[in-house]
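First the structure, in the form of structure tokens, and then the observations on it.
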Amino acid sequence: MMRKEEAAEILKEIGAVTLSPEEPFTWSSGLKSPIYCDNRLLLGHPKQRRSIAEALAAAAEEEGPDVLAGTATAGIPHAAWAADILGLPMIYVRGSEKSHGRKNQIEGVLPAGAKVVLIEDLISTGGSAFRAADAVEAAGGEVVSIQAIFTYGLKAPSLKGEASSRKIKTLTDFDTLLGAASATMAEDEVQSLKQWQDDPEAWSRRWE
């Protein structure tokens, strides 16, 4: 099994993670964030993406799935690579039903009662992954685990959503990355990042 430190090093190596506590990024939700993780950069790095795909496949295999599912769009390639390694069928889940054709939200073949591991590229508030899991179960599948490359590990109760009722596994996380980066950061920057993780909503209000 890949250690969290190894996965974090891969993301750092390809420049997927940027820490900027003094000039925060803005999420689509409007929240400000001192960290940005862009796992799409793995697409352009064959060696590193293979390592991540093998790690996701190994983690998924532990759950004994019948099918792997990818969330549209970022989770699709990672689910496809992991499914190929395991020789398993794959589906993907749209954010909502199509407005035309067969109006599918789930593409691919999902047998009734199939055990599904849902793969996302990262977990922020978890909303998109939880909605995808709900869609799979509404279609007759059983989501046994949600897996991702990275999680921000947000601790504010208002942002944890259904996290407590879903099994979530990630290759690495915010704490691991911060531990690796803290040696080159000022102490006040490290504390700012920790404060953001504890309560991103309150932290974001500083920038209003």
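The values are calculated or read from the model by the stated rules, or taken from the named source; none is laboratory data. Note that this is a predicted model, so its numbers are computed, not measured. In this analysis, Cβ positions are derived from the backbone assuming ideal geometry, glycine residues included, and neighbour counts consider all displayed protein chains. Accessible surface areas use protein heavy atoms only, side chains included; no ligands, DNA or RNA. Shrake-Rupley method; radii C 1.70, N 1.55, O 1.52, S 1.80 Å.
Worth pointing out:
- Selection status of G70, closer than 30 Å to V17 by Cβ, touching a His at 6+ places or on another chain (Cβ under 7 Å) and either of a type in the set (D, E, K, R) or at pLDDT 95 or above (or both): yes
- Any hit, segment 51-70, residues being in contact with a helix residue (DSSP H, G or I) (Cβ under 9 Å, 6 or more places away or on another chain), in contact (Cβ under 8 Å) with a residue 12 or more places away in the chain and of a type in the set (S, T, Y): yes
- Among residues of segment 108-128 that are under 12 Å from A72 (Cβ atoms), those with a beta-carbon under 8 Å from a residue that is open to solvent by 50 Å² or more (accessible area, probe 1.4 Å) and not polar (S, T, N, Q) at least six positions away or on a different chain give the pairs G108/P89; G108/M90; G108/Y92; D121/R40; S128/G95.
- Of the criteria (1) assigned to a loop (DSSP other than H, G, I, E, B); (2) open to solvent by 40 Å² or more (accessible area, probe 1.4 Å), which one P65 fails: (2)
- Listed by first and then second residue, the pairs with beta-carbon distance under 6 Å, at least 6 apart or on different chains, first residue in segment 19-43 and within 20 Å of A181 (Cβ to Cβ) and basic (K, R), second assigned to a loop (DSSP other than H, G, I, E, B) and open to solvent by less than 60 Å² (accessible area, probe 1.4 Å), are K32/P24.
- Residues of segment 51-62 that are buried (at least 20 other Cβ atoms within 10 Å of the Cβ) and within 17 Å of A114 (Cα to Cα): A60 alone.
- Applying the set (1) over 23 Å from D198 (Cα atoms); (2) open to solvent by 30 Å² or more (accessible area, probe 1.4 Å); (3) at pLDDT 90 or above to M1 leaves exactly one unmet item: (3).
- Helices (runs of 4 or more DSSP H) wholly inside segment 94-208 containing at least 3 residues that are open to solvent by 20 Å² or more (accessible area, probe 1.4 Å) and at pLDDT below 85: 157-160
- Filter result for L11 (farther than 18 Å from Q197 by Cβ and of a type outside the set (F, W, Y)): no
- Within segment 16-50, the set of residues being farther than 14 Å from P77 by Cβ and open to solvent by 40 Å² or more (accessible area, probe 1.4 Å) comprises T18, L19, E22, E23, F25, T26, S28, S29, G30, K32, Y36, K47.
- Test result for L43, at pLDDT 95 or above, out of contact with any strand residue (DSSP E or B) (no Cβ under 9 Å at 6 or more places or on another chain) and under 30 Å from E137 (Cβ atoms): yes
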